[in-house]
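One structure is given below, encoded as structure tokens.
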Amino acid sequence: MIIDFHTHIFSKKIRGSREKYFFSEPAFKLLYRSPKSKLVGTSEIIRSMDEQGVDKSVVFGFPWKNSDTFRKENDYILDAVERYPDRLIGFCCLDPFSKFAINEVMRCLEQGLSGIGELAFYESGIDDTALNKLAPLLEICRKKDFPALIHTNEPVGHIYPGKTPNTLSQIYRLVKRFPENKIVLAHWGGGIFLYNILKKEVKESLKNVYFDTAASPFLYDPEIYQLAIKLAGSDKILFGSDFPLIKPARYLDEMKKAGLSKAEMENTCGKNAADLLKL
């Protein structure tokens with residue numbers, strides 16, 4: 001079974017008039033102002049899954065600041081999951097700084113979504129204020145034993161839309177602040193798993209942390225797969241395409257080029273996600 005753990009879909013209203021949201025949603029403008037930045041809906045992702053051989057996808061929208069927008073987009077995710085319960089797994093997505101965030105997370109999880117994410121701090125990084133805003137949301141997930149997917153990125157290298165000012169220290173404080181939560185760090189966690197090679201503390205701090213592969217072909221050489229399996233563990237890697245940014249087939253080709261074994265491919269592409277989501 002192939003499970004894509006990181007995909008984005010948007011309602012027709014957003015897809016048809018993205019520019020209307022640019023003024024009030026600067027992070028959305030940063031990522032989607034280019035017409036080349038694709039926005040897709042439920043039908044498009046199902047069609048792509050059929051073409052690419054993906055069995056299930058975790059779907060979510062964007063961490064909107066406007067509460068009316070994130071409610072409507074979360075409703076769109078709920079509707080997508082209701083329409084395709086055997087294919088789609090929905091996450092609740094919003095701005096953790098919103099005063100309505102706690103109620104919205106509770107509403108979405110009670111109505112059938114399976115986690116929260118992709119939560120992101122595009123402007124601030126994951127600073128102490130962000131951690132304080134995350135705390136009540138992650139407490140809800142902890143009690144329900146649901147995963148939380150957090151946007152992270154490497155703090156060095158080239159600049160690109162969506163690259164936040166997070167640091168490795170911030171990412172590490174995040175996972176240490178919430179040791180009992182099942183946390184998925186997007187985009188390889190900014191490479192923090194490399195520090196599992198340290199003798200003290202880090203392995204224990206990352207014991208409940210998973211890493212998705214979203215955007216990997218744009219960011220890393222294929223060798224990243226073997227390094228991650230060796231240092232993070234073959235049970236902690238989740239295939240995520242960041243669809244529609246990159247099609248799943250490109251990731252599968254890179255995994256094969258990296259020399260992953262059949263068992264490692266099975267873990268990365270589906271088994272780990274199925275275990276985490278209790279499918």
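Brief remarks follow.
- For the range 122-279, the convex hull spanned by the alpha carbon atoms encloses 114 Å³ per residue.
- Restricting the trypsin sites (Lys or Arg not before Pro) of the range 68-147 to loop positions (DSSP other than H, G, I, E, B) with no more than 13 neighbouring Cβ atoms within 10 Å leaves K99.
- For the range 5-134, the equivalent ellipsoid built from the Cα gyration tensor has semi-axes of 23, 18, 13 Å, listed from largest to smallest.
- Low-density loop positions, chymotrypsin sites (Phe, Trp or Tyr not before Pro), the range 1-86 - DSSP coil, at most 12 other Cβ in 10 Å: F23
- q = 0.15, 0.22, 0.31 Å⁻¹, the range 71-110: log10 I(q)/I(0) [Debye, one scatterer per Cα]: -0.34, -0.66, -1.06
- Proximity of backbone amide H atoms, modeled 1.01 Å from N, is registered between N153 and G190 at under 5 Å, excluding neighbours fewer than 5 places apart on the same chain.
- Here the ratio of the Cα radius of gyration of the range 3-277 to 2.2 N^0.38 Å is 0.93.
- Here is how the number arises for the chain: DSSP H runs of 4 or more residues each give -39500 (n - 2.57), the sum is divided by the residue count, and the result at 222 nm is -11500 deg cm²/dmol.
- The distance separating the Cα centre of the range 237-279 from that of the range 181-221 comes to 15 Å.
- For the range 21-71, the direction-averaged projected area of the alpha-carbon convex hull comes to 4.4 nm².
- With θ taken as phi - 60° and the Karplus curve 6.51 cos²θ - 1.76 cosθ + 1.60 applied, the whole-hertz 3J(HN,Hα) list for the range 120-127 is 9, 10, 5, 9, 9, x, 8, 8 Hz, x standing for glycine and proline.
- Cα extents of the range 233-279 along the three principal axes, largest first (Å): 26, 25, 14
- Normalised by the number of residues in the range 126-230, the average gap of Cα pairs under 8 Å and 6 or more apart makes the relative contact order 28 percent.
- Reducing the range 100-163 and the range 30-57 to their Cα centroids gives an inter-centroid distance of 22 Å.
Rule-based calculations on the coordinates, nothing more; no lab input. This structure is a prediction, so every number in the text was calculated from the model and none was measured. Quick reminder, even Gly has a Cβ in these numbers, built from the backbone with ideal geometry, and neighbours come from all protein chains shown.
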